[in-house]
Amino acid sequence: MASSRWWLYCQALLWRFLMRIGMFLHDLPPPRPPRPLFTRTVKSDSHGHSVVLHFYCPPNYHQQRRLGHRYPVAVNFHGGGFTLGCATDDARWAQAVLDGVGAVLVSVSYRRAPEHPFPAAVDDGVEALLYLAAHAAELGLDVSRVALSGFSAGGNLAVTVPLRLRGRVSTVVKERLGRAESTQRLVDQTSDLNVVALFCWYPILDFQESRDHRRAMSLMPDKTLPAFFTSLFDESYLPDLDERASPFASPVRASDRILAEALPHDVFLYICEWDMLMKEGQSFVRRLESLGKRVRAMMIEKAQHGWDKSPNPFRDQGSVDILYRDACADMKAIFER
């Protein structure tokens, strides 16, 4: 039986508080992760809400921007089941991007469930991309070189945001009679925007398949996320069961045509061996390969979901950083083509 929205919200508040403690411990070991250099608040014309963008920037960013330098952009979406987490959780990943790529990393503080269920998060991701495209010159960004990254729920957004953006552009163009001004503005915003790669870390890709079934089919069922977490996440973000089949929630349900047109040629998936999401990740890799995408799938052995966000300050951060640096080397090579 589905929980009430009030009870889901109370649970979310508790786990958000505990997660902040966990992330404080996660950030303790040296070197300490960076803080955003600045933030920007995006006001949505269509929904009336605000989305905060956190900018992690290379050294001398302001000086180089004034000299006319344009940086490639990595747009990141944090994890937390669309319910927990915040935009600064992936600061160690941001440091790797700054060091290894020399790009600006923009972390999106999207709206969380249960206060804001689907499609709020994916719409906020679209708004973030449109804002960066519209303000690229003043921000010193080269939006012809954009990579999307995300962890867990954020990995889902890294895939679904391009699908949603494509759908939004198509819808507005179809309705352009009487909306010429708004249509032209959207076309102008997206004309230079080019997402060249996705970097998805242990993403959820299918909300229709039963969590119990996925847990039972996992290599190590006792190592998967517990049911109280997955129920909180799924009921908070997608209370309407019919919406779980939407390609903007479950990208595995998108048609081949949509995936082929909306997603970039280069896709990187990092899958945890002990994660209940492993099999759907592997299936999605094979499907993208059949569509002609260049897909690199990395299996992280003996790792649980969210393995890189451990609150244990004595963890082996070095093994995580190796994978981060490897991903950044791939991102840099794509940006330099």
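Scanning the range 142-160 for residues that are within 8 Å of the chain's Cα centre (by Cα), of a type outside the set (Gly, Ala, Ser) and part of a helix (DSSP H, G or I) yields ASN156, LEU157, VAL159. Within the range 255-267, one or more residues are assigned to a helix (DSSP H, G or I), of a type in the set (Val, Ile, Thr) and in contact (Cβ under 8 Å) with a residue 12 or more places away in the chain. Residues in the range 268-299 that are under 18 Å from the mean Cα position of the chain (by Cα) and either polar (S, T, N, Q) or in a strand (DSSP E or B) (or both): PHE268, LEU269, TYR270, ILE271, CYS272, VAL295, ARG296, ALA297, MET298. Among the residues making up the range 92-124, those that are surrounded by fewer than 20 Cβ atoms within 10 Å (Cβ to Cβ) and among the acidic types (Asp, Glu) are ASP99, GLU115. Scanning the range 280-306 for residues that are of a type in the set (S, T, N, Q) and over 21 Å from ILE258 (Cβ atoms) returns a single hit, GLN304.
Restricting the range 41-91 to residues that are in a strand (DSSP E or B) and of a type in the set (Phe, Trp, Tyr) leaves a set whose member that is surrounded by the fewest Cβ atoms within 10 Å (Cβ to Cβ) is PHE55.
Output the residue which, of all residues in the range 306-318 that are touching a helix residue (DSSP H, G or I) at 6+ places or on another chain (Cβ under 9 Å) and in a helix (DSSP H, G or I), is nearest to GLY79 (Cα to Cα).
Within the range 306-318, the match that is nearest to GLY79 (Cα to Cα) is LYS309.
Criterion first (in contact with a helix residue (DSSP H, G or I) (Cβ under 9 Å, 6 or more places away or on another chain), at pLDDT 95 or above, within 19 Å of ASP27 (Cα to Cα) and acidic (Asp, Glu)) does ASP123 satisfy it? No: the conditions fail for ASP123.
State whether the residues of the range 48-69 include one that is farther than 29 Å from LEU139 by Cβ, out of contact with any Asp or Glu (no Cβ under 8 Å at 6 or more places or on another chain) and free of Cβ contacts under 8 Å to residues at least 12 places away in the same chain. Checking the range 48-69: not a single residue is farther than 29 Å from LEU139 by Cβ, out of contact with any Asp or Glu (no Cβ under 8 Å at 6 or more places or on another chain) and free of Cβ contacts under 8 Å to residues at least 12 places away in the same chain. Criterion applied to ASP234, ASP275 was being more than 22 Å from GLN95 (Cβ to Cβ), at pLDDT 95 or above and in contact with a His (Cβ under 6 Å, 6 or more places away or on another chain), and the one residue passing it is ASP275. In the set (1) more than 29 Å from ILE322 (Cβ to Cβ); (2) surrounded by 15 or more Cβ atoms within 10 Å (Cβ to Cβ), the condition left unmet by PHE38 is number (2).
Taking the criterion of being in contact with a Lys or Arg (Cβ under 8 Å, 6 or more places away or on another chain) and more than 18 Å from LEU105 (Cβ to Cβ), would at least one residue in the range 37-44 satisfy it? Within the range 37-44, none of the residues are in contact with a Lys or Arg (Cβ under 8 Å, 6 or more places away or on another chain) and more than 18 Å from LEU105 (Cβ to Cβ).
Out of curiosity, is LEU25 farther than 21 Å from ALA197 by Cα, without any contact (Cβ under 8 Å) to a residue 12 or more places away in the chain and part of a helix (DSSP H, G or I)? The answer is no for LEU25.
When LEU193, LEU225 are checked against the criterion of being touching a Ser or Thr at 6+ places or on another chain (Cβ under 8 Å) and assigned to a loop (DSSP other than H, G, I, E, B), a single residue qualifies: LEU193. Working only within the range 185-223, note down all residues that are hydroxyl-bearing (Ser, Thr, Tyr) and either closer than 19 Å to ALA158 by Cβ or modelled with pLDDT of 95 or more (or both). If the condition is that a residue be hydroxyl-bearing (Ser, Thr, Tyr) and either closer than 19 Å to ALA158 by Cβ or modelled with pLDDT of 95 or more (or both), then THR190, TYR202 are the ones that fit.
The values are calculated or read from the model by the stated rules, or taken from the named source; none is laboratory data. Values in this document were obtained by computation on a predicted structure and should not be read as measured data. A quick note on method: Cβ atoms are made from the backbone with ideal geometry, for glycine too, and the neighbour counts reach across all protein chains shown.
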